[in-house]
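The values are calculated or read from the model by the stated rules, or taken from the named source; none is laboratory data. All of these numbers come straight from a predicted model, not from anything done at the bench. A quick note on method: Cβ atoms are made from the backbone with ideal geometry, for glycine too, and the neighbour counts reach across all protein chains shown.
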Amino acid sequence: MGRIVRIFFFSLALICMSSCSPRDRYMTITGFAQGGTYTVKLNLNGTDGMIKVQPEEIRDSVDAILRAIDYSVSGYNKKSLLSRFNAGETIIPDEIFMDIYGHAYEIFEETEGVVDVAAAPLFDIWGFGFANDSLPSSDKVAQVLAESGMERLARDMYPAAEGGLNASEILENEGVLPKLNYNAIAQGYSCDLVAEYLYSIGVKDMMVDIGEIFCDGKNPSGQPWSLGIDRPVDGNNELGAQIQGVFRAPEGPHGIVTSGNYRKFYVRDGKKYAHTIDPRNGYPVQHSLLSATIVAPDAMTADAYATYCMVVGLEASKKFLAANPDLEGCLIYDEDGVFKTWCSDGFTLEEL
């Protein structure tokens, strides 16, 4: 959800340094996607020797995957399937549209409603969604809250999708149709789809950064990928300008995502309103947790649970991470005006 964690290894060289194996050859792909830039680094020396696919074809394939995601589930692309679906049109859903909806419903159930992609209007009325409203009345919040929520939609979209899909066909009860917003998982999902393609052509060492990160193997120096975690200072909008610490990812596939409340917020009458909305009550969260970095087996899971932690707050996040050994996390919080850091047992932060 937050474009916060960034690669700490800044080399843009296409050929790796001499410390690598002589056969290693890294390439970097950059471009624009989902309202920002993306970077993909990969070793052309794959699992079975040099990858047979030409670099230009790899670049074009990555671009094609990201264009397909934009066409399917971008809320900012007014011609996307998602925008048309939210507007009440009947669409022919593609595989991405169906797949991400299924994942979103699973996450909604697993988090007991804390991560809810059908809460889009709540973000709109607070000025953090696809509209520019702000400071809604309590009556407005209550009204929109009653019209939102995945529980009002069918769990399985497939039966209704044959021959075209309209939002009314998956509405489980009467009333206003909930609108969908995949910002809490879309960038992580995108990383995973790109990584899936790279695995399919034999890549073993990779880093996919599309606002969120997926990495595997080693960087061009032959070392674990090093990721800088930004210091959650309000208004710290320059990536890497203020680093809280460095996390060195272990070998193996990992999604690494940070969510925080220090870039998207506004202040009214001396009170801060941040973009993390609790879909259970309809209001921006008010607690001491400033950012949450989650490491998971895939980027979509890390993306979802970084959001989860930012909703539930510090103490609940600690308990959650302790109860889920397949996840690791780093929580940065405010204690009487001082930044404090808590990390799970498997997360080592090298503070600067």
Condition set in a strand (DSSP E or B) and touching a helix residue (DSSP H, G or I) at 6+ places or on another chain (Cβ under 7 Å), scope the stretch 266-278, selection nearest to Asp209 (Cα to Cα): answer is Ile277
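Residue-by-condition table, conditions (1) crowded, with 17+ Cβ neighbours inside 10 Å; (2) at negative phi:
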{"position": "Thr37", "(1), (2)": "no, yes"}
{"position": "Thr47", "(1), (2)": "no, yes"}
{"position": "Gln54", "(1), (2)": "no, yes"}
{"position": "Glu57", "(1), (2)": "no, yes"}
{"position": "Asp70", "(1), (2)": "yes, yes"}
{"position": "Lys78", "(1), (2)": "no, yes"}
{"position": "Gly88", "(1), (2)": "no, no"}
{"position": "Tyr105", "(1), (2)": "yes, yes"}
Looking for something over 26 Å from Asp205 (Cβ atoms), small (Gly, Ala, Ser) and in contact with a Leu (Cβ under 6 Å, 6 or more places away or on another chain) - is there at least one such residue anywhere in the stretch 329-349? no
Residue check: is Asp209 of a type in the set (Asp, Glu) and either in contact with a Phe, Trp or Tyr (Cβ under 6 Å, 6 or more places away or on another chain) or over 21 Å from Ile332 (Cα atoms) (or both)? yes
Out of the residues in the stretch 193-214 that are assigned to a loop (DSSP other than H, G, I, E, B) and of a type in the set (Val, Ile, Thr), state the one that is nearest to Glu147 (Cα to Cα). Ile210
Residue that is surrounded by the most Cβ atoms within 10 Å (Cβ to Cβ) [pool: residues in the stretch 287-340 that are over 17 Å from Glu110 (Cβ atoms) and polar (S, T, N, Q)]: Thr293
Test Asp133 against the stated conditions and say whether it is more than 30 Å from Asp298 (Cα to Cα), of a type outside the set (Gly, Ala, Ser), more than 21 Å from the chain's Cα centre (by Cα) and at pLDDT 95 or above. no
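Which of the following residues is more than 17 Å from Cys330 (Cβ to Cβ), of a type outside the set (Asp, Glu) and not in a loop (DSSP other than H, G, I, E, B): Ser190, Ser259, Ser221? Give the steps one after another, and end with the answer.
Details: Ser259 fails: more than 17 Å from Cys330 (Cβ to Cβ); Ser221 fails: not in a loop (DSSP other than H, G, I, E, B).
Every option except Ser190 fails the conditions.
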So Leu122, is it surrounded by 16 or more Cβ atoms within 10 Å (Cβ to Cβ), in contact with a Phe, Trp or Tyr (Cβ under 8 Å, 6 or more places away or on another chain) and touching a residue at least 12 places away in the same chain (Cβ under 8 Å): no
Filtering the stretch 50-74 down to residues that are in contact (Cβ under 8 Å) with a residue 12 or more places away in the chain and more than 24 Å from the chain's Cα centre (by Cα), which residue is farthest from Ile91 (Cα to Cα)? Met50
Within the stretch 279-321, tally of residues that are farther than 24 Å from Ser344 by Cα and in a strand (DSSP E or B): 2
Any idea which residue in the stretch 89-130 is modelled with the lowest pLDDT, counting only those that are closer than 30 Å to Tyr266 by Cβ and of a type in the set (D, E, K, R)? Asp124
Failed condition for Asn166, given (1) among the polar types (S, T, N, Q); (2) surrounded by 14 or more Cβ atoms within 10 Å (Cβ to Cβ); (3) more than 27 Å from Asp70 (Cβ to Cβ), with all others met? (3)
